[in-house]
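Report on the following structure.
The values are calculated or read from the model by the stated rules, or taken from the named source; none is laboratory data. The shown structure was predicted, so the numbers you read here are calculated from the model rather than taken from an experiment. Cβ placement follows ideal geometry from the backbone for every residue including glycine, while neighbour counts extend to all protein chains displayed. Accessible surface areas use protein heavy atoms only, side chains included; no ligands, DNA or RNA. Shrake-Rupley method; radii C 1.70, N 1.55, O 1.52, S 1.80 Å.
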Amino acid sequence: MTLFEAILLTVITASTPLLIAAIGELVVERSGVLNLGVEGMMIMGAAVGIAAAITTGSSAFGVLAAVLAGMAMAALFALLTLGLATNQVAVGLALAIFGLGLSGVVGAPFVGVQREGIGAIAIPYLSDIPFIGPVLFAQDPFVYAAFALVAGVSWFLFRTRAGLVLRACGENHASAHALGHHVLRVRFLAVLFGGACAGLAGAYLSLVYTPFWTSGMTAGRGWIALAIVVFASWLPWRAAVGAYLFGGVTILQLHAQSAGVPLPTQLLAAMPYLITILVLVLVMRLRGGGAGPAALGQPFVPDR
Amino acid sequence: MRRLVLERRAETPWALTLASPLLAVGLTLVSAVLVFLAMGRDPLEALFVYFIMPVSDAWGLQEVAVKATPLVLIAVGLALCYRSNNWNIGAEGQFLMGAMAGGWLAVATHGTGAGAWLLPAMLVMGALGGALFALIPALLKTRFGANEILTSLMLVYVAELLLDWLVRGPWRDPQGFNMPQTVVFAPEATIPLLMEGGRLNLGTPIMLLVVVLAALLVARTLKGFEITLVGEAPRAARFAGFDAKRLTWTVFAIAGGLAGLAGVLEAAGTVRMLQPGLSPGYGFTAIIVAFLGRLNPVGCLVAGVFLAITFIGGENAQIMMQMPLDVTRVFQGLLLFYVLGCDTLLLYRVRWVRRAEA
């Protein structure tokens, strides 16, 4: 394996949690709901995932528990924003604060416990292809899940009737309601899907990427996932591009740090955040305004 | 079949605007009991440590005021932002930027015996530093349409890393045994104490003054009306000739300035140096304070005192009951959920109705 292949491999692993969380949030936002609490759901997934994996000794159970934890957090969000029609921005912030706190309590007994991460699974034949094989097809199961999510969500949103209904709810909930679609039910399912994805992304962090628990280990990745959705113009394929771009920046700054680039490490560490801001500005500049779902962030209260 | 529906209220009863935050606090206390039971602790003892002990003696009350000062200062600014639909969530970064801007003067003049001009200059620098830092997301929002929630939050990480670099690099105390911190500020660069031997400093009266000024701004001035109108009825505000973009700049500058002032007061008053752990998350907790205070300056004062109590209660519980410090953040998150949920009571009437026959 060449050095270039090795770098690409690490870029893909660093991007995977961003991509999984961004795809989930993309579906949520397409249905017209803005859930800013990705960071909170993600870190709960990380904490519950490793807690369950250590307690039961099974990584698979850990992943399942992480997904369920993300969904539970999302259900809490849905209860307030859909059931009680509260301000989505504020509840999303509350979810982020709550998740960071609760994950600290859940994870406290597991601080310092090391366990073996989930290993890579090479796909037979495909992984033998020169260059592409080792980079794309000798990865851990989460990487494959991320590929599948991008393709699956893309197909669902633009090739199925249910996907059309979901997008209709996001564009104009009054019209969708008038056509007899259950706007709140659609949005609830979308929010749950977003929670499951964020939980899965969290599990990736604590079970594969750095297989131990540290408080606040998501380090803003949930927020970067939100930025990726904007960057992607709410299109799954572009979200993949965005996620790999951000993953690339993260890895490059790590390599620059270890190569002894004469810049303060703090400046290099700030790069992913600065690039996020830059990308948000450039995207808005090039696209010239919002292309998001028209009903994004607006609460819907059905009249009888 | 019967089901719950929400019906928009024509007008909000006055009593409900007061009852809903109280209900939220009550629900948080009930949840706290359940959390303590789940953790296998005696809920009565824990409630006492969290909510009663901090206010049961003079020393505790002083600590509450010291902690409430930055919370209220930041929250008052955030309340103005949120009222006008400007989602500044980067107050934590603006707080640190203010501390760094003011702290720079203290570090640069250290050992020169600077005169009485130093302290006022530090406060001005702090407010300016916070305001300029807050204008970055405001500029990106008005000029490019970039989402201010994401940009202001990303800048928090940038400010944290900048502070980390400064106190480990150029501003590190040469005699500090390699600790990541600046020199201890000289007496002329320290906020004066209100009384000998206490911890209360001049920051608390400054905070009270800001609350009064902000309350007057909101209730008595055209600017205050503009802020509320742009948030609640942007179309009407446009017809009235109010410039939403300029208002975005104004509220971000005020919020950043107040957060920066809180930062320099914390650095020069309570901590007396710059160090990476300068803020225990004041900028984020202040978001909760702003909402619990109903985006009203006087409300923020009451809410800030309450959240300051939970901060100190959390520290007490960590020492006395070995509870993780994060339990406090769980309560704070829950409190915000309840506050927002109770707000539905204000806007809507919740009613059971018979499902219409198909």
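Here are the numbers for the structure shown:
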item	result
B versus A: buried accessible surface, summed, Å² (probe 1.4 Å, to nearest 100)	3800
Average beta-carbon neighbours from other chains, 10 Å sphere, peptide B:322-335	6
Directionally averaged shadow of the protein assembly as shown, computed from the convex hull of its alpha-carbon atoms, nm²	32.4
Relative compactness, chain A, computed as alpha-carbon Rg over 2.2 N^0.38 Å	1.00
Burial order of peptide ranges A:296-303, A:275-282 (average beta-carbon count within 10 Å, highest first)	A:275-282, A:296-303
Net charge contributed by nearby residues that have their C-beta within less than 14 Å of B:Ala219 (K/R +1, D/E -1)	+3
Overall form of the stretch A:158-304 per C-alpha gyration tensor (a/c, 1.5; a/b vs b/c)	prolate
The stretch B:111-204, accessible area per residue, ligands and nucleic acids excluded (1.4 Å, Å²)	47
Highest average packing first - B:281-291, A:178-188, Cβ atoms within 10 Å	B:281-291, A:178-188
Helix A:3-30 vs. chain A, principal-axis angle (Cα, 0 to 90°, nearest 10)	10
Mean accessible surface per residue for chain A, computed with a 1.4 Å probe while every protein chain stays in place, in Å²	39
B:Asn85 paired with A:Leu278, simple spin-label distance in nm, labels 7 Å along Cα-to-beta-carbon	3.2
Estimated inter-spin distance, A:Tyr144 and A:Leu286, nm [label 7 Å along Cα→Cβ]	3.3
Sulfur and carbon atoms: percent of accessible area, the protein assembly as shown [1.4 Å]	68
Rounded FRET efficiency, nearest 0.05, which uses the C-beta distance separating B:Met179 from B:Val350 and R0 of 51 Å	0.40
Magnitude of the charge dipole, chain B, Cβ model with Lys/Arg +1 and Asp/Glu -1, debye to 20	1440
Helix B:91-108 axis, angle to chain B major axis (alpha carbon atoms, nearest 10°)	10
Helix B:326-347 vs. chain B, principal-axis angle (Cα, 0 to 90°, nearest 10)	40
Peptide-level mean, for B:154-167, of C-beta atoms on other protein chains within 10 Å	5
Spread of Cα-to-Cα distances over 5 Å intervals beginning at zero, given as percent, for the stretch A:158-201	5, 24, 27, 21, 14, 7, 3, 0
Whole-angstrom gap from the stretch B:6-29 to the stretch B:224-268, using each part's C-alpha centre	26
For the stretch B:176-242, size of Cβ-based charge dipole, Lys and Arg +1, Asp and Glu -1, in debye	340
Loop sites in the stretch A:47-147: chymotrypsin sites (Phe, Trp or Tyr not before Pro), DSSP, at most 11 other Cβ within 10 Å	A:Tyr125
Debye, to nearest 20: dipole size of the protein assembly as shown, +1 on Lys, Arg Cβ, -1 on Asp, Glu Cβ	2040
Interatomic Cα distance distribution for the stretch B:273-315, bins of 10 angstrom, percent	28, 47, 22, 3
Relative pair counts by distance (%), Cα atoms of chain B, 10 Å bins	5, 22, 30, 25, 12, 4, 1, 0, 0
For residues of B:338-346, the mean tally of beta carbons on other chains within 10 Å	4
Sparse-neighbourhood loop sites, chymotrypsin sites (Phe, Trp or Tyr not before Pro) in the stretch B:132-214 - DSSP loop, at most 12 other Cβ within 10 angstrom	B:Phe177
Rough spin-label spacing in nm, given labels placed 7 Å along Cα→Cβ, for A:Leu3 and B:Val298	6.8
Span per principal axis, largest first, for the Cα atoms of the stretch A:44-88 (Å)	41, 12, 10
Prolate/oblate/rounded label for the stretch A:20-133 (Cα gyration tensor, a/c 1.5)	oblate
Stokes-Einstein diffusion coefficient of the stretch A:86-125, Kirkwood radius over Cα pairs, 37 °C, 0.692 mPa s, in µm²/s	241
Mean shadow area of the stretch B:54-176 over all directions, Cα convex hull, nm²	10.4
Rounded if a/c under 1.5, otherwise prolate or oblate - the stretch B:257-358, Cα gyration tensor axes	prolate
Helix-derived mean residue ellipticity, 222 nm - over chain B, DSSP H n ≥ 4, -39500 (n - 2.57), to 500	-22500 deg cm²/dmol
FRET efficiency estimate (nearest 0.05) - Cβ-Cβ, B:Arg246 to B:Glu11, R0 25 angstrom	0.20
Cross-link reach list, aspartates and glutamates versus B:Lys245, counting only Cα pairs under 18 Å and skipping chain neighbours closer than eight places	B:Glu148, B:Glu226, B:Glu232
P(r) weight above 19 Å for the stretch A:79-201, C-alpha pairs, percent	67
For the stretch B:175-277: Kirkwood Rh in Å [reciprocal of mean 1/r, alpha carbons]	16.6
Selection from B:Phe239, B:Ala138, B:Leu340, by position along the positive dipole direction of chain B (Cβ)	B:Phe239
